[in-house]
1. Compute the accessible area per residue over the chain, keeping the other protein chains in place, probe 1.4 Å, unit Å².
2. Taking 0.36 nm per intervening residue step and subtracting the Cα-Cα distance, what contour gain separates Phe58 from Asp121 on full extension?
3. Subtracting the Cα-Cα distance from 0.36 nm times the residue separation, let me have the gained length for Asn149 to Lys186 in nm, one decimal.
4. Give Lys45/Lys163; Lys124/Lys163; Lys102/Lys186; Lys91/Lys163; Lys112/Lys154 a once-over and call out the pairs whose C-alpha atoms are over 31 Å from each other.
5. Mind putting a number on the dipole of the chain about its Cα centre? Charges go on the C-beta only, +1 for Lys and Arg and -1 for Asp and Glu, and I need it in Debye to the nearest 20.
6. Rounded to the nearest percent, how much of the accessible area of the chain (1.4 Å probe, protein heavy atoms only) is carbon and sulfur?
7. Please identify the helices of the chain, taking whole runs of DSSP H, that span at least 24 Å along their own axis as judged from the Cα atoms and have a mean Kyte-Doolittle score of 0.0 or higher.
8. Once Lys and Arg get +1 and Asp and Glu get -1 on their Cβ, which of Val160, Ile148, Ala129 lies farthest toward the positive end of the dipole of region 126-179?
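The values are calculated or read from the model by the stated rules, or taken from the named source; none is laboratory data. These numbers were taken from a predicted model, which means no experiment stands behind them. Every residue, glycine among them, receives a Cβ derived from its backbone with ideal geometry; neighbour counts consider all protein chains shown. For the accessible areas, the whole protein counts, side chains as well, though only heavy atoms, and no ligand, DNA or RNA atoms are used. Shrake-Rupley method; radii C 1.70, N 1.55, O 1.52, S 1.80 Å.
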Amino acid sequence: MAEKKVMQHWPVILMVLVVALIFLISLISFQVETTEYAVVLRFGKPVSSRDVGPGLNFKLPWETVWRQDNRIQCFEGNIGELEEVFTHDGKNIIVTAYIGWKIAEPEADQLKFMVAVETMDQAKEKLTALLRSSRASVLGKFKFNDLINEDPGKVRIDEVEAKMLEEIRSDARELFGIDVSLVGIKHIGFPESVTTKVIE
């Protein structure tokens, strides 16, 4: 009689077993995309012996996975803000710059990013501060005519971008585990007071 009851309910039992198996597999495995970095954490600390690559990976049920995008990100610092900077000859201008960056490749830098920055949004805040500092210090070494000139041969914007990249790259890597691959000048403008005087 008991066997008959079990046989009658075998589809339900099978379904429960399948669900339990799926749940168990989800606890001990995870998928890593080719566009991601992943670090296995045990009680909040990285398991340095665990090699995590793209594809199916396994972990212990009490371990978690920290993952972030490994592609180059591009953003403009100080979105929505217009800040004046002064050139070497005392001209005040407004410069909009952009940064191309990603979390650096070595695992040590990924761990540094995880501890010092945590999220992509916080990374943008850190990079905005570096960009603001670099923009002021680098542009302060160049004259207005180096940025805007009727003679294209006298324009030194490439040099400005290279110096800004040099400054930002070293600090970003050392402090945050971020690899900055490019810095560019998007726009050079004038404060409203200067524009008004020019029009007058």
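1. 63 Å²
2. Working: separation 63, 0.36 × 63 = 22.68 nm, distance 2.85 nm.
Residue separation times 0.36 nm, minus the Cα-Cα distance, leaves 19.8 nm.
3. So the chain would gain 11.7 nm between Asn149 and Lys186.
4. Working: Lys45/Lys163 37 Å; Lys124/Lys163 20 Å; Lys102/Lys186 20 Å; Lys91/Lys163 20 Å; Lys112/Lys154 41 Å.
Beyond 31 Å: Lys45/Lys163; Lys112/Lys154.
5. On the way: 24 positive and 30 negative charges, 172 e Å.
Here the size comes out at about 820 debye.
6. On the way: 7470 of 12680 Å².
Taking all protein chains in place, the chain shows 59 percent carbon and sulfur surface.
7. Working: long enough: 10-28 (27 Å, 3.00); 120-139 (27 Å, -0.19); 157-176 (27 Å, -0.45).
Those that pass (Cα extent of 24 Å or more, hydropathy at least 0.0) are 10-28.
8. About the Cα centre, the residue reaching furthest to the positive side is Ala129.
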